[in-house]
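Visitor: Mind having a look at this structure? Questions to follow.
The values are calculated or read from the model by the stated rules, or taken from the named source; none is laboratory data. The structure displayed is predicted, hence computed values, not measured ones. Counting neighbours? That spans all protein chains shown, and the Cβs are built from the backbone with ideal geometry, glycine included.
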Amino acid sequence: MDHGSYQNPLCARYSGKEMKRIFSDDVKFSTWRKLWLALAESEKELGLAITDEQIEEMRAHLFDVDYEKAAAYESALRHDVMAHIRTFGDACPKAKAIIHLGATSCYVGDNTDLIVMREGLFQIKRLLVSALEALGEFAKAHKDVPTLAYTHFQAAQPTTLGKRATLWAQDLLMDLRQLDFLLSDFRLLGCKGTTGTGASFLELFDGDREKVKLLEEKIAEKMGFSACLPVSGQTYTRKIDFFVLSVLSGIAQSASKAAGDLRLMAHLKEFDEPFEAAQVGSSAMAYKRNPMRCERMASLARLVIADAQNPAITAATQWLERTLDDSANRRISIPEAFLATDGILSLYINIIRGGTPYPKVMEKHLDEELPFLATENILMECVKRGGDRQALHEAIREHSVAVAKEIKLNGGKNDLLDRILADKRFGLTKEDLDRLLNVRNFIGMAPEQTETFLKEELAPVLKENREFCGSNVSINV
C-alpha cells in the first residue's frame, strides 16, 4: 500500500475480496477485450473478412493487459478506450486492424459496466440471502424468548426476540424481491454505434439490416445475456444505474434499521455484537463494549442511501443521445455503492451469527414494566368478580401515578403490585397476581407469527436460493 497517497477505505477496510475483484481493473479491461473478441467473432460469422488467426490471437491476449503501456497511451491521447485499443493492438498485431471495428467507446465501456454491475448484484444476492438465512436461524432460536417491546422507545406490550428478528428479515425479503425483479430483465446495451442507430454496422454489412440485428443477438449470447436494450443513444439509459443503486439503497435502509435496533438493545444490555478476546472498546474507558459494528453498518448505509442520488441526477440531466458529464461521477458512485453494500451485509451476517442476546436482562426489564402493563388485565379480572370498573380504574390510576413519581424522583422500585395487593378494593391474592402477570399472557401471537413467517415466507425463498446460502464473511477491522 502507498501510504503517501489517499486510499479508499471501502477497499482497505470494509469491502470483501470478491466485490473488490468484480470492480477491479483486471475484470474491467479483460471484459473490454472479451467484448472486442465477441464483436470480431460475430462479425466474422456474419461474413466480414476476419480470419481465424486474428480471432485466436485476440483470444490469447484477453488477460495480459500491459497497464504501463495503456497509461502512457492515455496520457498522450486523453482517451481511455483508444489507449486500450492500441495496447490490445500492440499485443495482437495481426488482429490490430479489425479491433473495435464499427464500434464506439460505449460498446466496451457501457456493456462492461452492465456486465460488472450484474455480477456485483449476484454477489450482493449471495450476501443478502445469507443474511436472511442467519436471521431465520436467529428468529427460530429465540421465537419464545419474551422481551419488552417499545413504541417511541417507551415501554409497550411485550413481544419475543424471534418476532422482532422477523421484522428485520421481512425488510430484507422485500429487498430481495426488488433485486430479483431487477435481475430478471437485465439487458446488455449491445452494439448500436455512435448515436444508437446502428449506422456504422449497417455500412459494414452493405445495408443488410438483418445482419445488424443478428450481430447484437450474437454478442449478447456470447456475453451471457438473453437480450439487448431495444433502443439507445450512444449510451444505455442511466435509469438503469438509478434502479441498481435504488436496490442497494433499499438494502442499506433495511440494514441500518436493524443496526439501530441492535444498538438500542446494546444500550439496554440485552444484546452484544461479536467482541474478540483482545478487542478494545474505548481508548479511554477500558470497560466499554461499544456496538461499533452496528454503528459501522449505519455509517456505511448512510453513504449508500446518499449515493443513490447520484444516478438519479445523472439520469435526469443527460443530453439528447449522450453527454460525458456522467463519466467521472459513475466511476466513483457505482463501485462505491457496491463496495459499501458488500461491507454492510458482511457486517449484518457477522453480527447476527455471532451476537449474544441476554434473556435474563430482558426478563429483568419485563419485570420492571409488567406491573404497569398488567393493569388492564387486573382491571378486567376484578370487574368479572363483581367490582366497579370506574372505581377500580381510579384506584389503578392513583397507585400508578404515585409509583411512577417515586421511581422518577427517588429511584424507587416498582411496587405497584404490592400496592394493589394491599388494596382491599381489588380483593386479589398473590396467586391471582402471579397468574395474571404470566408474561405469556402478554406476548400475543408472537411465537406463532414467527413460526408462520419462517415457514411460509422465509423457508421457500431460502430453498429456492439455496445455492446462495452460507456465504463466508470476514470483518477486517
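Visitor: For the structure I just gave you, tell me whether ALA169 is over 30 Å from GLU368 (Cα atoms), in a helix (DSSP H, G or I) and of a type in the set (A, V, I, L, M, F, W, C). Let's see the steps before the verdict.
Guide: Working: over 30 Å from GLU368 (Cα atoms): no; in a helix (DSSP H, G or I): yes; of a type in the set (A, V, I, L, M, F, W, C): yes.
No; evaluated as a whole, the condition is false for this residue.
Visitor: Only one of ALA76, ALA40 is over 30 Å from ASP241 (Cβ atoms) and either at pLDDT below 95 or out of contact with any Ser or Thr (no Cβ under 8 Å at 6 or more places or on another chain) (or both); which?
Guide: Details: ALA40 fails: over 30 Å from ASP241 (Cβ atoms).
On inspection, the qualifying residue turns out to be ALA76.
Visitor: Ok, one more. Could you tell me whether ALA49 is modelled with pLDDT of 95 or more, out of contact with any helix residue (DSSP H, G or I) (no Cβ under 7 Å at 6 or more places or on another chain) and under 18 Å from GLY102 (Cα atoms)?
Guide: yes
Visitor: Scan SER471, SER400 and give me the residue that is out of contact with any strand residue (DSSP E or B) (no Cβ under 8 Å at 6 or more places or on another chain), assigned to a helix (DSSP H, G or I), of a type outside the set (Lys, Arg) and surrounded by 12 or more Cβ atoms within 10 Å (Cβ to Cβ).
Guide: Just one listed residue meets the conditions, SER400.
Visitor: Could I ask something else about it? Taking helices (runs of 4 or more DSSP H) that fall entirely within the range 174-278, which contain at least 1 residues that are crowded, with 20+ Cβ neighbours inside 10 Å and touching a Pro at 6+ places or on another chain (Cβ under 6 Å)?
Guide: Numbers: elements: 199-204, 209-222, 239-267.
It comes to 239-267.
Visitor: Looking at the range 143-173, which of the residues that are exposed (fewer than 15 other Cβ atoms within 10 Å of the Cβ) and of a type in the set (A, V, I, L, M, F, W, C) is farthest from ALA404 (Cα to Cα)?
Guide: Applying the filter and picking the extreme gives PHE153.
Visitor: Output yes when any residue across the range 306-316 is acidic (Asp, Glu) and either at pLDDT 95 or above or assigned to a helix (DSSP H, G or I) (or both), and no when none is.
Guide: Checked the range 306-316: at least one residue is acidic (Asp, Glu) and either at pLDDT 95 or above or assigned to a helix (DSSP H, G or I) (or both).
Visitor: Kindly provide the set of residues from the range 152-178 that are modelled with pLDDT of 95 or more and polar (S, T, N, Q), ordered by number.
Guide: Within the range 152-178, THR159, THR160, THR166, GLN170, GLN178 qualify.
Visitor: Against the conditions (1) modelled with pLDDT under 95; (2) within 19 Å of the chain's Cα centre (by Cα), where does ILE349 fall short? Just the number, please.
Guide: Only one criterion is unmet by ILE349, namely (1).
Visitor: Are there any pairs, at least 6 apart or on different chains, whose C-beta atoms fall under 6 Å, with the first in the range 446-473 and of a type in the set (Phe, Trp, Tyr) and the second part of a helix (DSSP H, G or I) and at pLDDT 95 or above, and if so, which?
Guide: Cβ pairs passing all conditions: PHE453/THR166; PHE468/LYS125; PHE468/ARG126; PHE468/VAL129.
Every residue, every condition in (1) in a helix (DSSP H, G or I); (2) surrounded by fewer than 14 Cβ atoms within 10 Å (Cβ to Cβ); (3) modelled with pLDDT of 90 or more; (4) not basic (Lys, Arg), yes or no:
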{"position": "GLY386", "(1), (2), (3), (4)": "no, yes, yes, yes"}
{"position": "LYS413", "(1), (2), (3), (4)": "no, yes, no, no"}
{"position": "ARG425", "(1), (2), (3), (4)": "no, no, yes, no"}
{"position": "ARG440", "(1), (2), (3), (4)": "yes, yes, no, no"}
